[in-house]
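The values are calculated or read from the model by the stated rules, or taken from the named source; none is laboratory data. The shown structure was predicted, so the numbers you read here are calculated from the model rather than taken from an experiment. Here the Cβ positions follow ideal geometry from the backbone for every residue, glycine too, while neighbour counts run over all protein chains shown. Surface areas here come from the heavy atoms of the whole protein model, side chains and all, with no ligands, DNA or RNA. Shrake-Rupley method; radii C 1.70, N 1.55, O 1.52, S 1.80 Å.
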Amino acid sequence: MTHTNLTVFHPAFFVLLGIPGLEAYHIWLSIPLCLMYIIAVLGNSLLMVVIITERSLHEPMYFFLSMLATTDILLSTTTVPKALGIFWLHAHEIAFDACVTQVFFVHVMFVGESAILLAMAFDRFVAICSPLRYTAVLTWSAVRRIALVIVTRSFCIIFPVIFLLKRLPFCQTNIVPHSYCEHIGVARLACADITVNIWYGFSVPIVMVIWDVILISVSYTLILRAVFRLPSQDARHKALSTCGSHLCVILMFYVPSFFTLLTHRFGRNIPRHVHIVLANLYVVMPPMLNPIVYGVKTKQIREGITHRLLDIKARCRAFPLG
């Protein structure tokens, strides 16, 4: 492949290299990536179907969970198919506007998922700390407003990134040493000052996510205080079990994300291919594990999935192939 420099203001396309330094292993790396992506899409789709079809799951907590599943599908689908195209078909080119769109959705899903986890923490806080007021506080009208705020906040925070990228002149190279487009990685290709991009790209979304983490921590501090004041051990165990799956999902989302950010900021000696492998795992690993965690730890979802699978099995027996 010939890599040429461009002298136009906006290149017609960018060239995504995949994982530089590991080109010989692209096929082997694509196998676990593809399997994790399939599990993520199928698992989250099944989770959404169960939540929609099982009337017992028509509660605010599971509504937020369905939003999380939707976000996970969008996050992995925005990045993984293109990465697989690079690994399998050597489809390295991506149009400029498609690259900017990918940047937008990757960052929107990141900020949006953080906000959804905060909403789920608030749901657990009300359910455990003020159970008698739960139905009065989290009415369906309030839940819809929370969902609207999550979508609007994510959109408004990331939308300026489009203009920050489109204002830049790309007159040097169109080669992106990554398997998908991300804001700062693309901005660094410009032949202009990208201080605003760096300031906004790192500061604004990260500050909002850190604020979410602080509020989630406060919520769970109050939850734990309320739980340990319960009179019986069975009541404490039941209250904690309702939060266990959510805490696992929180850790699976924030620990890899902050680790990736810290290695990008301070890990100067870490090889570039390690950064890119971690970035690919981040967009597919939590989406793959989230439905598994909720399916294992949440009795209602586990029963709903079992019922759905038995129903599919019964239909297959009623209409055998051939």
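Residue-by-condition table, conditions (1) assigned to a helix (DSSP H, G or I); (2) of a type in the set (F, W, Y); (3) open to solvent by 20 Å² or more (accessible area, probe 1.4 Å):
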position	(1), (2), (3)
A136	yes, no, yes
V143	yes, no, no
I146	yes, no, yes
F155	yes, yes, yes
V161	yes, no, no
I198	yes, no, yes
F202	yes, yes, yes
I210	yes, no, yes
V218	yes, no, yes
What do you reckon, is D193 acidic (D, E), at pLDDT 80 or above and closer than 23 Å to V108 by Cβ? no
Next item on the list: Might you check whether a residue that is over 16 Å from P286 (Cβ atoms) and surrounded by fewer than 21 Cβ atoms within 10 Å (Cβ to Cβ) occurs anywhere in region 33-44?
Entry: yes
Flagged pairs (Cβ under 6 angstrom, 6 or more apart or on separate chains; first in region 209-228, farther than 16 Å from A127 by Cα; second of a type outside the set (V, I, T)) are V209/S114; D212/S114; D212/L118; L215/L118
Cβ pairs under 8 Å, 6+ apart or interchain, first in region 249-260 and touching a residue at least 40 places away in the same chain (Cβ under 8 Å), second crowded, with 17+ Cβ neighbours inside 10 Å and among the aromatic types (F, W, Y), ordered by first then second residue, are V249/Y294; S257/F110; S257/Y282
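For (1) within 22 Å of E303 (Cβ to Cβ); (2) β-branched (V, I, T); (3) assigned to a helix (DSSP H, G or I), each residue gets a yes or a no:
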| residue | (1), (2), (3) |
| --- | --- |
| L35 | no, no, yes |
| L47 | yes, no, yes |
| I52 | yes, yes, yes |
| L68 | yes, no, yes |
| L84 | no, no, yes |
